[in-house]
Each structure stands twice: as C-alpha cells, then as structure tokens.
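Read through the structure below, which is laid out as structure tokens, and then see the notes.
The values are calculated or read from the model by the stated rules, or taken from the named source; none is laboratory data. As the structure is a prediction and not an experimental result, all values here were calculated from the model. Using ideal geometry, Cβ is built from the backbone for each residue, glycine included, and neighbour counts are taken over all protein chains shown. Ligands, DNA and RNA are stripped out before the accessible areas are found, and what is left, the full protein with its side chains, is counted by its heavy atoms. Shrake-Rupley method; radii C 1.70, N 1.55, O 1.52, S 1.80 Å.
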Amino acid sequence: MQLRTAALAASIVLVSAGAAFAADCGGDFEAWKQRVEAEAWQQGVGPQGLQAFAGARIDPKVLQRDRAQGVFAQTFVEFSTRMVNAYRLKQGAANLKKYAEIFARADAEFGVPPPVVAAFWALETDFGAVQGDFPTLDALATLSHDCRRPELFRPQLIALLQLIDRGILPADVRGAWAGEVGQTQILPRDYLEKGVDGDGDGFVDLRGSAPDVIMTTANFVRQLGWRPGEPWLEEVRVPDDLPWEQTGRDNPQPISYWSGLGVTDRDGAPLADNGVPGGVVLPMGRKGPAFIAYHNYDVYLEWNQSFVYTLTASHLADRLAGSPAYDPRHPDPALPIDQMKALQELLQARGYDVGKVDGVLGSGTRDAVRKEQKRLGLPIDGWPTLELLARLSA
C-alpha cells in the first residue's frame, strides 16, 4: 500500500516532465545518459537507482524488435486456436481454484471477474513461467534514447529507476523487449501507480507473488475503464441477410435491436437482453465467427491495441468462465501476406491511411476495406477477399 501512495506524487511529476523527455533523444549515448541522470535526480531517484543507470547500454535487439512491430499476419482463428490451448485452460482452472480467495477479493474490490484477470495472466506469461529475457534497464534506455517514441519510454525509464532505487526491483531485472515486467507484463510506471500488495507483506512483487499479481492486474484493468457487473463478449449467430454496414465495434446497439435483425445466441436461441448495448464484430467477415462486443471489450483494447490479441484474450476469459469454444464457421480464405500488402498499397493509392504496408489487417486497413466494399456494392464486413483485391486491381 505504501508503494501506491508514493507513486501518486511521482506520477504527477512524470506527467509534467513528458514534453521535456520527448525533446531530448539521440546523439552521443553517454552524454544523453548524463542529462537523463540529472532529470532522474530531480525526480527523486537516489544513489542506488543512479548507480544502476550508469551501467545501462544500447541493446540492438530491442531496436530490431521495435522496428518489427506490426508484422503479425495470423487470422483470429489461427491465433486464438494456438493461444487458447489445453494447457492454458487446465492451468487457468487450477489457478482460479488455488487462488480463489485472492480472486474473490480482487473482484470485490475492483469489480473485475476472476476469469478476466486469469486470461491476461495466461496469455502474457503462462502464469509467470515466461516473463521475458530482455534486460529491462537496457531496453528502456535504448527506447528512450531512440528518437522514434522517446515521449512514451523515457517516463517509463525514470519510473524503473525509482523502482530500483527503492529496492522494489533489482538493477538486473529482465522482462519483455518494450520494458514490461512481471507476470502480467506491467510497465514500470503502472507498477508504481497501480501496484497492490496482495499478500500483505508490505511489498509489491509482480514477478514472484501471485496475490500481488492478481490484485494489481484487477486494479489496472479497472482503471482502464472496466465496468463491474457488465459483460465483455458474447458469441452469436448472424443471419445471411444482416445489414453488414451496421456491424462493427463502433456501432453499439441495444440487444433488442440485434434480436430484431435475426441475431441469436450461438445455439440459435433468442438473445438474453442484459440491458447493455453492444456491437457485432466479425473478425473474419460475415462467413466467420461472430460476437457481440460490449463496452468492457474496449478495455481489452486499452491493454493491447491488436484486435486479434484482444478478441483472443476476451474469448479465453469466456472459456475460463465456462463457455464452450466458439464456432469458427467457414470464412473466406485470408489473403496471403504478399496479397495483403498489394491490397494495402492499392488502398493507400486511393488515399486511405492504412498505416505501415506490412500485410497485417489492422484497424486502418479494416476501415478502408469497409469503405471500398461500400463503394463497390460488396457486403460491408471489413474482411478483405480475393474478389475485393481483383476489383481494386482492375
């Protein structure tokens, strides 16, 4: 609890320093480190944190991973089938039982259901088994010095030095390439601001204490905007004549509205009206699996902006809550990566912002596909097909 109180003042200072951090990047690394050291000292980092920072080095592997971001071409069915596996379901059920009292306390305090926390715990590190092997100090120093996104990473670097200085993390802590640490991969600033002492030992240990991990993750999810007592995802069956232009996460409607259009639950029974509006999402188009995504699903996107990852995490939470596996149905084949790149180039040439031409079906590409489907009189489901590529090529 002491950590959370101390973090409040630290976070205010870090926010005010963000603009200055963004303006200082690149150049001689040792000279840059001296300037960061002065900033860290002003932020209250003491000798132990500064001594650790003196040994920070550039890690070329971190830059390689950063530049490769977005090269993710698996479909939802491919990714979710691989990630929602028998091991994670078995271990998830075991951990929900083993730590039932802690999960119940987290639910009572933060309103986040146990399966939601357990799903993030599973996907991020297999319940702590694989926490990453990148030296966190080097990773954040590298990304802060690099001029691509210093405003994002320099506050995290300062927060890490504060954690090291207070003895909460060791100087040689290891984690993910982008600086996340612990069993649910929390960034240092979130560690400071949202860390919860779940086991009552007066110390927040997100690498070795399951109670701390569970309580902190629930606190983090709640602060991302989770609404207690509301659903997050529901598998549905959609009719062949659904007005596809009305689908999408950003078009929430009352359940009664979707029922009126012929949307049913996965077994064909009428939808139960839970009083919460939701949008019909079709990760692989109108012929693939279908879900209603509610407000709480948007919280997953605050955690990770990948649509495929977040839908998988949401479904894993459903499975851990007792739901069956979804029906993959029979979607049109996904475009191979070279054809996806060709499609993105065609969309870009028409003035759409698809982001990086990388063969990945991101939100920018999906939005552009929907607009071109509408222009061409095709079903507006956001799923790129060979027919769409051929029409645009012609």
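At-a-glance table
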| item | result |
| --- | --- |
| Fully extended contour minus Cα-Cα distance, from R329 to E387, at 0.36 nm per residue | 18.9 nm |
| Exposure of E151 as accessible area (Å², to 10), given a probe of 1.4 Å and all protein chains | 90 Å² |
| Unit charges at the beta carbon, dipole of the range 269-384: most positive-side option, L343, T310, N296 | L343 |
| Of [x] 23; [y] 13; [z] 9, the label for percent of Cα pairs over 40 Å apart derived from the coordinates | [x] |
| Exposure of S256 as accessible area (Å², to 10), given a probe of 1.4 Å and all protein chains | 70 Å² |
| Spatial separation of Cα centroids for the range 247-266 and the range 275-293, in angstrom | 8 Å |
| Difference of contour (0.36 nm per residue) and Cα-Cα distance, E101 to L152 | 14.7 nm |
| Total charge dipole magnitude, the chain, about the Cα centre, Cβ charges on Lys, Arg, Asp, Glu only, Debye to nearest 20 | 500 debye |
| Listed residues A31, N85, G167: farthest to the positive end of the dipole of the chain (Cβ charges) | N85 |
| Radius ratio Rg over Rh of the range 281-391, counting only Cα atoms, Kirkwood formula for Rh | 0.99 |
| Residue-averaged 222 nm ellipticity for the chain, from DSSP H runs of 4+ at -39500 (n - 2.57), nearest 500 | -16000 deg cm²/dmol |
| Most fluctuating residue given options D165, D133, D381, as computed from a GNM of the chain linking Cα atoms under 10 Å | D133 |
| Kirkwood Rh, Cα atoms: Rg over Rh of the range 169-226 | 0.95 |
| Value of relative contact order over the range 44-174, rounded to a whole percent, pairs C-alpha under 8 Å and six or more apart | 41 percent |
| Cα convex hull of the range 127-172 - mean projected area over all directions, nm² | 3.8 nm² |
| Cα→Cβ-extended label distance, 7 Å offset, between A94 and K371, nm | 5.0 nm |
| Probe 1.4 Å, all protein chains present, accessible-area order of T385, T136, largest first | T385, T136 |
| Net charge of Cβ neighbours under 15 Å - reference G26; Lys, Arg +1; Asp, Glu -1 | -1 |
| Selected from P114, P211, P243 as most flexible by GNM, with the chain as the system and alpha-carbon contacts under 10 Å | P243 |
| Nearby lysines by direct alpha-carbon distance to K287 (threshold 25 angstrom, same-chain neighbours under 8 apart not counted) | K341, K371, K374 |
| Dipole-positive endmost among T216, G275, G248 within the range 204-279 (Cβ charges, Cα centre) | T216 |
| Whichever lysines have a C-alpha closer than 20 Å to that of K33, once near sequence neighbours (fewer than 8 apart) are set aside | K61 |
| Only Lys, Arg (+1) and Asp, Glu (-1) charged, at Cβ; the range 122-216 dipole about Cα centre in debye | 360 debye |
| Accessible area of the chain divided out per residue, in Å², using a probe of 1.4 angstrom | 44 Å² |
| For E387, solvent-accessible area (1.4 Å; no DNA, RNA or ligand), Å² | 100 Å² |
| Pairwise Cα inverse-distance average, inverted: Kirkwood Rh of the range 285-327 (Å) | 11.1 Å |
| Rounded Å value of the spacing that divides the Cα centres of the range 115-179 and the range 26-87 | 7 Å |
| Anchor K90: lysines whose Cα lies under 21 Å away (excluding residues fewer than 8 positions away in-chain) | K98 |
| Carbon/sulfur fraction of accessible area - the chain, other protein chains in place, 1.4 Å, % | 52 percent |
| Net length gained if the chain between N85 and R35 were fully extended (0.36 nm per residue, minus Cα distance) | 13.3 nm |
